[in-house]
Amino acid sequence: MSGDPEPAEAETDMELFDLRVTVDRIEGRSVCGLRVGDYFDLVNSSELRLPAGRHFCIYALQAVLPLLPAKQRRLPAGDWLERDSIVCCPDPEEGLTMRIERTGVRRLNSRDLT
């Protein structure tokens, strides 16, 4: 059809947000060693980056991972994932909450990602 992008063009460019996940609060005791302000970045679609010499608890990480692909994309204003950015660690004794922030936008070639 006239005006429709060629199939190769349709998958060439996409925009994804880079994200930062930061420990926002700890209302209990931190048994995993995380501190308020600890963070990791998600960049280039799938790269997790930690500051040198720091770690991130895998249980806190598993709580936030399922939300990250959606937070990387533009969502409708009314979508709850567009409005909400706080995630809780599953360890009830820690009372650890994390905040997901968009830190930048990248244009990527979808063919390079699959």
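Within the stretch 82-101, which residues are at pLDDT 95 or above, surrounded by 14 or more Cβ atoms within 10 Å (Cβ to Cβ) and within 20 Å of Leu16 (Cα to Cα)?
Selection gives Arg99, Ile100, Glu101.
Find the residue count for the stretch 53-97, including only residues that are in contact (Cβ under 8 Å) with a residue 60 or more places away in the chain and part of a loop (DSSP other than H, G, I, E, B).
Within the stretch 53-97, residues that are in contact (Cβ under 8 Å) with a residue 60 or more places away in the chain and part of a loop (DSSP other than H, G, I, E, B) number 5.
Name the residue that is surrounded by the most Cβ atoms within 10 Å (Cβ to Cβ), counting only residues in the stretch 38-52 that are of a type outside the set (Val, Ile, Thr) and in contact (Cβ under 8 Å) with a residue 24 or more places away in the chain. Step through it out loud before you land on a result.
At the first step, the residues of the stretch 38-52 found to be of a type outside the set (Val, Ile, Thr) are 38-42, 44-52.
Imposing the further condition that a residue be in contact (Cβ under 8 Å) with a residue 24 or more places away in the chain reduces the set to 41-42, 44-46.
Numbers: Asp41: 18, Leu42: 23, Asn44: 13, Ser45: 15, Ser46: 11.
The selected residue is Leu42.
Conditions: (1) among the hydrophobic types (A, V, I, L, M, F, W, C); (2) within 24 Å of Glu15 (Cα to Cα); (3) surrounded by 14 or more Cβ atoms within 10 Å (Cβ to Cβ). Phe56 meets all but one. Number of the miss?
(2)
For the stretch 33-65, name all the residues that are more than 15 Å from Thr103 (Cβ to Cβ) and at pLDDT below 90.
Ser46
Residues being more than 24 Å from Leu108 (Cβ to Cβ) and among the charged types (D, E, K, R): count how many of those fall in the stretch 19-75.
Adding up the residues that qualify gives 7.
Across the stretch 34-52, what is the number of residues that are touching a strand residue (DSSP E or B) at 6+ places or on another chain (Cβ under 7 Å), assigned to a strand (DSSP E or B) and charged (D, E, K, R)? Reasoning before the result, please.
Taking the stretch 34-52 first, the residues touching a strand residue (DSSP E or B) at 6+ places or on another chain (Cβ under 7 Å) are 34-45, 48-50.
Still in the running and assigned to a strand (DSSP E or B): 39-43, 48-49.
In the following step, the residues that additionally are charged (D, E, K, R) were identified as 41, 49.
Residues meeting the conditions: 2.
Determine whether the stretch 75-96 contains at least one residue that is under 19 Å from Asp13 (Cα atoms) and in contact with a strand residue (DSSP E or B) (Cβ under 9 Å, 6 or more places away or on another chain). Quick ask: steps written out before the conclusion?
First, the residues of the stretch 75-96 that are under 19 Å from Asp13 (Cα atoms): 75.
So of that shortlist, the ones also in contact with a strand residue (DSSP E or B) (Cβ under 9 Å, 6 or more places away or on another chain) come out as none.
No: the stretch 75-96 contains no residue that is under 19 Å from Asp13 (Cα atoms) and in contact with a strand residue (DSSP E or B) (Cβ under 9 Å, 6 or more places away or on another chain).
Output yes when any residue across the stretch 66-75 is out of contact with any Asp or Glu (no Cβ under 6 Å at 6 or more places or on another chain), polar (S, T, N, Q), modelled with pLDDT under 90 and surrounded by 14 or more Cβ atoms within 10 Å (Cβ to Cβ), and no when none is.
Within the stretch 66-75 (the criterion being out of contact with any Asp or Glu (no Cβ under 6 Å at 6 or more places or on another chain), polar (S, T, N, Q), modelled with pLDDT under 90 and surrounded by 14 or more Cβ atoms within 10 Å (Cβ to Cβ)), the answer is no, since none of the residues qualifies.
The values are calculated or read from the model by the stated rules, or taken from the named source; none is laboratory data. Because the structure is a prediction, the values reported are computed rather than measured. So basically every Cβ, Gly included, is an ideal-geometry build from the backbone, and we count neighbours across all protein chains shown.
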